[in-house]
Amino acid sequence: MESQTTVDPAEVAKFEAMAAEWWDPNGKFKPLHMLNPCRLDYITSQIAAEFDRDLTKPLPFKGLRLLDIGCGGGLLAEPMARLGADVVGADAAARNIPVAQVHAAQSGLTIDYRHTTAEAMAAAGEQFDVVLNMEVVEHVSDPLAYLTACQHLLVPGGLMICSTLNRNTKSFLMAIIGAEHVMRWLPKGTHDWKKFITPDELCDLIRKAGLDPVDRKGMVFNPVTWSWSLSSRDLSVNYVTSSLKR
């Protein structure tokens, strides 16, 4: 399989500029730090259900090889390593990798961080039980080609968890106007609303990439409690999906 890249250089440059702030809970990645417990709740429950793992036991994900694509500073890779998974973290933004490596070393964790792409790893024949594909698909130039590369990275029976942002008026108001202009949680221009993907569009792309969608949930922000929660009904802004490689 030839390696072609769906990486958008302009998108990578935006995240490179923010790399040093990954682990500052009040910095530019504050929204991700706030969202992370909700994401982890979904990810751990889906992996446990699919691979019949008991989350109350030590190292429940031992023996599973997991790829966190678009790993950034390691906000998801580190908890996965703590749960026992053999973790590879990959990012197209070179400056994210040393940040992630230093933090993992400080935390006493062994994580294989690489400056590479999904396409390059698929071309090299890498295979994983789980691919975490969180808030990446809205930043690539060709979502179908990118998701197809993710499918190639999975073993038969493997699980992909993919989250992104819905495309509608509410998501424009909350993710663009609210997060970037009013709250100033993110630098202006972090997201391109035209690249947001509806849940039906994403499921269609996932099927075309050769995977079977099996679950989807919304991740909903409550401005009163200032926290995120999972919802079976409200997929209007942030949402997450699970799909399997049969």
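The values are calculated or read from the model by the stated rules, or taken from the named source; none is laboratory data. None of these values were measured; they are calculated from a predicted model. Neighbour counts are summed over all protein chains in view; Cβ atoms, including those assigned to glycine, are modelled from backbone coordinates with ideal geometry. The protein model used for the area step is the full one, side chains on, heavy atoms only, and it has no ligands, DNA or RNA in it. Shrake-Rupley method; radii C 1.70, N 1.55, O 1.52, S 1.80 Å.
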Explain nothing, just the number: dipole magnitude of the chain about its Cα centre with +1 on each Lys and Arg Cβ and -1 on each Asp and Glu Cβ, in debye rounded to the nearest 20.
500 debye
Filter on LYS30/LYS57; LYS170/LYS217; LYS14/LYS195; LYS30/LYS188 - keep pairs with C-alpha separation over 21 Å
LYS30/LYS57
Backbone HN-Hα couplings from phi across the stretch 42-51 [Karplus 6.51/-1.76/1.60, Hz, Gly and Pro as x]
5, 4, 5, 5, 5, 5, 4, 5, 6, 10
Using the heavy atoms of the protein chains and a 1.4 angstrom probe, tell me the accessible area per residue for the chain in square angstrom.
44 Å²
Can you check what the Kirkwood hydrodynamic radius comes to for the chain, Cα pairs only, in Å to one decimal?
18.0 Å
Give me the one-decimal nm value for the distance between modelled label points at ILE177 and SER141, 7 Å along each residue's Cα-to-Cβ direction.
3.3 nm
Once fully extended, how much extra length lies between ASP234 and LYS170, figured as 0.36 nm per residue of separation less the alpha-carbon to alpha-carbon distance?
21.9 nm
Compute the distance in nm between two label points, each set 7 Å from the Cα along the Cα-to-Cβ direction, one at LEU59 and one at VAL224.
4.4 nm
Cβ-placed point charges (K, R +1; D, E -1), dipole of the stretch 1-88 about Cα centre in debye, nearest 20:
300 debye
Per-residue ellipticity at 222 nm attributable to helices in the chain (runs of n ≥ 4 DSSP H, -39500 (n - 2.57) apiece, nearest 500 deg cm²/dmol) works out to -9000 deg cm²/dmol
Computed for the stretch 116-246: size of charge dipole around the Cα centre, +1 on C-beta of each Lys and Arg, -1 on C-beta of each Asp and Glu, debye to nearest 20, value 320 debye
Taking N as the residue count of the stretch 1-112, its alpha carbon Rg divided by 2.2 N^0.38 Å gives 1.12
Taking only the alpha carbons of the stretch 108-239, the radius of gyration and the largest Cα-Cα distance, Dmax, both in angstrom, are 16.0, 47
Extreme residue, positive dipole direction of the chain, given options SER229, ASN36, LEU59 (C-beta unit charges)
SER229
Through the Karplus equation 6.51 cos²θ - 1.76 cosθ + 1.60, θ set to phi - 60°, convert the phi angles of the stretch 101-113 into ³J(HN,Hα) values in whole Hz; use x for Gly and Pro.
5, 5, 5, 5, 5, 5, 8, x, 10, 9, 10, 8, 8
For the chain, with all protein chains present and a 1.4 Å probe, just round the carbon and sulfur fraction of the accessible area to a whole percent.
55 percent
